[in-house]
Each structure stands twice: as structure tokens, then as C-alpha cells.
Amino acid sequence: MSESGHSQPGMYGQGRRRRRRRGDRDAGPPGQNLSGPSRDRDYQPRERRDGSEDPPGPLLQKTPIILAKPPGERVRGPPPAQMAAGAPAPDKPIMLIKAREDGGKPGTPAEAAPQSSGSGPSKLEREGQRPTQPVYQIQNRGMGASASSIVVDPVIGQSKLLPPEKMKHSIKLVDDQMNWCDSAMEYLRDQTDMLVVGVIGLQGTGKSTVMSLLSANTPEEDQRGYVFRAQTQEIKERGGNQSTGIDFYITQERVIFLDTQPILSPSILDHLINNDRKLPPEYNLPHTYIEMQSLQIAAFLFTVCHVVIVVQDWFTDLNLYRFLQTAEMLKPSTPSASHDSSGSSGSDDGAEYYPHIVFLQNKARHNEFCPRNMKKMHMVVDKLMAHSHLKYKGTLSMLECNIFPGLGRDYLETEVNLFLLPLQENEGEDALIKTGSGTSPLFSFLPGYRGHPTFSTMVSKLRSQILAMPRCQLSHTILTEKNWFHYAARIWDGVKKSSALSEYSRLLS
């Protein structure tokens with residue numbers, strides 16, 4: 001291009017004869033200066049065509065644009081293939097021809113053109129056609145190589161969207177020989193939103209029934225279909241126990257329930273003596289072995305559970321609180337992080353984990369729901385657990401469940417995690433009938449006085465309180481369900497080999 005802005009006739013004619021067909025010469029008047037100043041005034045950018053194929057035969061192409069350097073720097077230009085490849089040629093003139101059929105191809109924008117190497121803004125930029133690479137082309141280019149690896153089988157993708165498999169009954173986590181079982185692994189997933197609830201209590205207090213009602217069953221169902229098997233009438237008559245070891249059940253809401261054998265069970269001791277079972281070499285007396293089994297289970301639950309429910313059917317047994325304090329003393333310490341991060345892994349309790357404890361008064365009578373008696377019960381539990389590190393207060397409240405509508409929050413000075421669960425309707429039906437059979441036949445049609453809501457209502461309120469418990473971090477890292485299983489297996493192995501428990505057993509002997 002000359003200094004006056006007009007292109008040389010020889011250069012323009014030669015490039016035009018080389019790149020335009022004979023039938024397209026009438027697209028513009030001959031001799032028109034396409035690179036002169038009138039180009040800026042007369043040129044109007046044309047709209048793009050749709051994505052349809054161009055018909056065969058000669059077509060009207062878009063007016064070509066020829067850019068050239070001043071005569072002093074102009075030499076023979078590079079071939080168009082080299083320019084399309086983007087190779088820089090600082091010492092050679094650059095000729096760009098933009099045809100209409102380039103913009104008609106699907107996925108290729110009409111404004112895309114390589115940027116000229118001129119010093120100032122080019123004519124394309126002044127016309128609003130900035131030669132930039134579209135973002136979607138970059139994304140397509142990056143995804144093209146890995147498109148085959150990202151494709152997911154529809155069957156596999158649909159299976160991931162399905163709800164987790166529902167367990168029909170509980171399975172063994174620890175068998176009756178106190179050995180760890182791996183059958184629960186297939187029900188666990190790699191997700192961290194879970195709650196672990198355990199239970200301990202004396203024999204016949206209703207631990208398995210309570211855990212079944214909290215997990216998957218309702219009071220109206222037959223107890224023979226509960227996920228945790230309760231005592232049958234035959235077992236009750238001979239004074240036996242139903243649960244052995246530790247049973248495992250996980251709900252579809254990812255709440256893990258652990259039911260345990262009774263602590264300090266006389267039926268397990270009687271079975272051990274009458275069947276002449278050999279004791280482990282580290283135990284000399286059968287009752288010492290039974291007590292150490294109970295302490296191992298309690299210490300294990302205090303380490304791997306968020307919530308531990310202590311079930312009792314009368315208020316109260318002082319030996320139960322002494323047992324809880326002993327299990328707390330023998331509880332294995334929380335595994336700390338590596339030596340590099342040991343200074344930053346501490347918590348408010350000195351990096352030692354303690355679960356939430358809920359005292360459940362099962363089979364409570366209507367006089368125990370009296371506010372005066374309930375206040376005394378809270379005071380006794382608070383005095384007995386005053387020196388414990390277990391979280392026995394502040395996370396469960398019967399006053400917030402509208403069980404006692406006339407009582408305010410300040411009625412209980414020291415409210416502990418105590419919940420009263422009445423007898424089931426079929427168990428207390430005789431007492432209600434006797435209440436109605438009085439002086440007048442009219443009162444026989446009225447229900448007897450309970451002094452508390454129904455059993456189903458109380459179970460529902462207890463479930464909502466348990467599931468709302470804080471889910472504290474069990475170890476120095478956040479555990480998934482599968483990680484929790486491996487962590488619990490390691491803790492159980494450490495409890496069985498604990499030197500503190502061995503020393504305590506030696507002192508008992």
C-alpha cells in the first residue's frame with residue numbers, strides 16, 4: 001500500500017486474478033479502489049448466513065480485504081497456508097482475504113481472523129471485527145481429547161442417583177466371641193455426613209427395642225420384625241439375654257446405630273460357668289472376664305460414637321454410674337495427628353474426644369413425670385456426673401419438646417441430658433382400665449389418666465432430639481463412613497490389647 005493509502009494496480013490486480021473466479025468479477029465495479037479511504041465510508045458489514053450448506057455453482061463471495069505494508073518494507077508475501085498456520089513473518093507483507101463461505105460453516109464465527117502485525121489498530125478493529133479466538137472453541141479443543149474418557153455409562157450414572165440400599169435387619173459388628181466382623185463394609189459409602197449412636201445398659205432394660213424404634217420401626221409394628229431383635233417371652237422367663245456382642249444397623253439417612261450386649265449381665269456369666277467355656281489366659285475368674293468385656297464395649301463406644309444412650313428402667317443404680325466413670329478412665333486416647341501437625345490438632349478438650357451421653361429412663365411411671373420429681377432426678381444425675389468429662393448436659397431438653405407446656409426453661413437449674421420414656425400402651429393398658437373403673441359407669445368410657453403424652457409421641461420427640469445432636473469430629477481428620485469403619489476396627493483392636501485394661505483386670509483379680 002502506498003503512502004497515499006491506495007494500493008498498487010499491479011499488486012491488486014495480480015492478487016485479485018489469483019483468488020477470484022471469473023464469474024465473480026461483477027461483484028463490484030471494475031477499478032474501484034477497495035483499500036482507499038472510501039472503504040471506511042461505504043462498507044457495511046454483512047450479516048452472517050445460517051448454518052445450511054452453500055448450493056453448488058458460482059457464489060457471490062464477500063469482498064476481499066487486502067492489507068499490505070509500505071513499499072519500503074514490501075517484498076514477496078508468504079503463501080496463504082503459512083499465514084493460516086499463524087507463522088510470524090515480520091519482514092514480509094501480509095495479505096488477508098476474508099471470504100463469505102468461511103463464515104457460513106457451523107462453529108466458525110465470521111469475525112474470527114488472524115490479527116495483523118501492523119503497529120497501529122488495523123481496519124478490521126475499527127470496523128468492530130476484532131480477530132479473537134472464541135472461548136467455546138478453546139473448551140471444545142480441550143474436551144475433544146478426553147471426551148471418550150468422560151462419557152459415563154447410563155446404567156452406572158443411574159445407579160449413583162438411586163437411594164442407598166435399605167438394610168432389613170441388623171448385622172454383627174462384633175460377634176459373641178468379641179471378634180471383629182467385616183460384613184458391614186458393603187453398606188457404607190464415601191461420604192462424611194453421618195451420625196453414630198450407641199447404647200449401653202443393664203439386662204432387660206429395653207436397649208434393643210429403643211434402638212429399633214429410633215432407627216427403622218414404629219411402636220405399632222410387631223416386635224418380631226424389629227431390626228434389633230428384642231427379648232422373646234421365653235427368654236424373659238428363663239432370665240436370658242437376646243443381644244450378644246455389638247450389632248450394626250445404618251439407616252438411609254446415614255445414621256449408624258450400635259446395639260450392644262447387656263453390661264454386667266448375670267445371664268452371660270451363668271452361660272460362661274455352666275458351659276465350661278475356657279477363659280482367656282489373662283483372666284482368672286469368670287466375673288472378672290464379664291466385667292472386662294463390659295468395660296471394653298463401653299470404652300469402645302465412648303471413642304467411636306457421637307451419642308451414647310444409657311438405658312435404665314428404674315431410678316437409679318449407683319453401680320451404673322461407677323461403671324461409666326471406670327469406662328471413661330480406661331477409654332483409649334484419641335489418636336493424634338502426625339508429629340508435624342501435633343501442635344495444631346488440639347481442641348478445646350486438649351485433643352481428647354468425649355461423646356454426648358443421654359440418660360434414658362425407660363418404662364417410666366406417671367409419677368416420675370411430675371415436675372417436682374423430675375427436678376430431683378436432674379439434680380441427682382448432675383451430682384453423680386459432676387467430675388466426668390463426658391458431655392452429659394446441654395444437648396437434650398425435655399422442656400423444649402412441649403411435654404410440660406407450663407414449665408419455663410428456668411425451672412430446672414441444672415438440666416442434664418435426661419429423657420423419660422413411658423410404658424408402651426399395651427403394657428400400661430391394665431392400669432388405664434383400672435383408673436376408669438370407678439364409681440360411675442360413665443367414667444369407664446373415658447381413657448385413664450396418663451400424666452404424659454402417648455408412647456408414640458414420646459418416641460418421636462426422642463428421635464428428633466437424638467438426630468439433632470452435634471456431630472463432633474471423632475479424630476484429627478474428618479472421617480467418611482468407610483474411614484470410620486477402619487477407624488473403629490483399629491480402636492477395637494487397641495481396646496482388646498490395652499495395657500490400662502489389662503492392669504485394671506489384674507487389680508480386680
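The values are calculated or read from the model by the stated rules, or taken from the named source; none is laboratory data. Nothing here was measured: the structure is a model prediction, and the numbers come from that model. Here the Cβ is made from the backbone with ideal geometry for all residues, glycine too, and neighbour counts use every protein chain on show. SASA here: full protein model, heavy atoms, side chains in, ligands and nucleic acids out. Shrake-Rupley method; radii C 1.70, N 1.55, O 1.52, S 1.80 Å.
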| Solvent-accessible area, 1.4 Å probe, carbon plus sulfur percent, for segment 173-300 | 44 percent
| note | Any trypsin sites (Lys or Arg not before Pro) in segment 245-308 that lie in a DSSP loop and have at most 13 other Cβ atoms within 10 Å would be 277, 278
| query | From the backbone phi of segment 275-284, what are the Karplus-calculated ³J(HN,Hα) couplings (6.51 cos²θ - 1.76 cosθ + 1.60, θ = phi - 60°) in whole Hz, Gly and Pro given as x? | reply | 8, 6, 6, 6, 7, x, x, 7, 10, 9
| field | Out-of-range pairs (alpha-carbon distance over 30 Å; input 166/331; 391/497; 461/496; 166/461) | value | 166/331; 461/496
| What accessible area per residue, rounded to a whole number of Å², is obtained for segment 181-249 using a probe radius of 1.4 Å? | 45 Å²
| In terms of the ratio Rg/(2.2 N^0.38 Å) built on C-alpha atoms, what value belongs to segment 169-260? | 1.10
| request: Kindly give the semi-axes, whole Å and largest first, of the ellipsoid equivalent to segment 357-402, taking each as the square root of 5 times a Cα gyration tensor eigenvalue. | output: 20, 13, 10
| said: Working only with C-alpha atoms, what are the Rg and Dmax values of segment 249-314, expressed in angstrom? | reply: 14.8, 45
